[in-house]
1. At pLDDT 95 or above and on the phi > 0 side of the Ramachandran plot, is that true of GLY27?
2. How many residues are more than 25 Å from ASN8 (Cα to Cα), assigned to a helix (DSSP H, G or I) and not acidic (Asp, Glu) if we restrict to region 31-70?
3. List every residue pair whose Cβ atoms sit under 7 Å apart, with the two residues 6 or more apart in sequence or on different chains, where the first one lies in region 1-27 and is more than 17 Å from THR51 (Cα to Cα) and the second, anywhere, is acidic (Asp, Glu) and at pLDDT 95 or above.
4. Looking only at region 54-78, filter to residues that are farther than 14 Å from ASP21 by Cβ and in contact (Cβ under 8 Å) with a residue 24 or more places away in the chain; which one of those is surrounded by the fewest Cβ atoms within 10 Å (Cβ to Cβ)?
Amino acid sequence: MDHSISKNPLHGITLQKMLEDLIQFYGFDTLGELIKINCFIDNPSLKSSLTFLRKTPWARAKVEQLYLKTLPKISGRL
């Protein structure tokens, strides 16, 4: 049995947790500037953004990349 620790920095972090952290850190206005997708620009909400991102792999990848870049800043605020 393989008991190695995952090298994926996103292992165990849900899309909802990532999005909640990013919204708290940046707000939807800045998220919409950083990642130009309508779910952050046009009448944004956590629920609608999660629905879109779960169906759209390229958009989810952009959110994951931003989360990885922002994680040190988020961790520093805790």
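1. Details: at pLDDT 95 or above: yes; on the phi > 0 side of the Ramachandran plot: yes.
So GLY27 fits the description; yes.
2. The qualifying residues number 7.
3. As it stands, the answer is LEU10/GLU64, since those pairs meet every condition given.
4. Among those that are farther than 14 Å from ASP21 by Cβ and in contact (Cβ under 8 Å) with a residue 24 or more places away in the chain, it is ARG54.
So that you can scan it fast, the table gives a plain yes or no per residue for (1) over 12 Å from the mean Cα position of the chain (by Cα); (2) under 19 Å from GLY76 (Cβ atoms); (3) at pLDDT 95 or above; (4) not hydroxyl-bearing (Ser, Thr, Tyr):
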{"residue": "ILE5", "(1), (2), (3), (4)": "yes, no, no, yes"}
{"residue": "THR14", "(1), (2), (3), (4)": "no, no, yes, no"}
{"residue": "LYS17", "(1), (2), (3), (4)": "no, yes, yes, yes"}
{"residue": "GLU20", "(1), (2), (3), (4)": "no, yes, yes, yes"}
{"residue": "ILE35", "(1), (2), (3), (4)": "no, no, yes, yes"}
{"residue": "SER48", "(1), (2), (3), (4)": "yes, no, yes, no"}
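The values are calculated or read from the model by the stated rules, or taken from the named source; none is laboratory data. Computed from a predicted structure; not experimentally measured. As a convention, Cβ positions derive from the backbone with ideal geometry for all residues, glycine included, and neighbour counts pool all protein chains shown.
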